[in-house]
1. Mind listing just one residue for me: the one in the range 2-12 that is aliphatic (A, V, I, L, M) and in contact (Cβ under 8 Å) with a residue 40 or more places away in the chain and, of those, surrounded by the fewest Cβ atoms within 10 Å (Cβ to Cβ)?
2. Of everything in the range 32-69 that's within 25 Å of Gln9 (Cβ to Cβ) and of a type in the set (Val, Ile, Thr), which residue is nearest to the chain's Cα centre (by Cα)?
3. Kindly establish whether Leu23 is aliphatic (A, V, I, L, M) and touching a helix residue (DSSP H, G or I) at 6+ places or on another chain (Cβ under 7 Å).
Amino acid sequence: MTEHELRAQLLERYGPVLGGGELRKVLGFSTAGAFRQATLRGTVPVPTFTVPNRRGRFALTQEVARWLYERRRTAIVPA
């Protein structure tokens, strides 16, 4: 799968912005508390932001797709 294909799939499924439980799950955080702690520590792997009058953190889907693709691209594949 190419980065472009991954981005297209995520955009089709979630739209241009990921937030809430979807963002947490796509980034691989097992609980909302773990995501909250990563946010407080500044260790969320993509830039996140708030939206006025909305709860939680949000990220651009294309940035999440790029991060996921890079993790897969640099993974060591067992022989």
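Taken together, the values in this text are just the output of simple stated rules run on the coordinates, not laboratory data. Remember, it's a predicted structure, so these values are computed and weren't measured experimentally. A quick note on method: Cβ atoms are made from the backbone with ideal geometry, for glycine too, and the neighbour counts reach across all protein chains shown.
1. Checking each candidate, the answer is Leu11.
2. Top of the filtered list is Val64.
3. Working: aliphatic (A, V, I, L, M): yes; touching a helix residue (DSSP H, G or I) at 6+ places or on another chain (Cβ under 7 Å): no.
No; evaluated as a whole, the condition is false for this residue.
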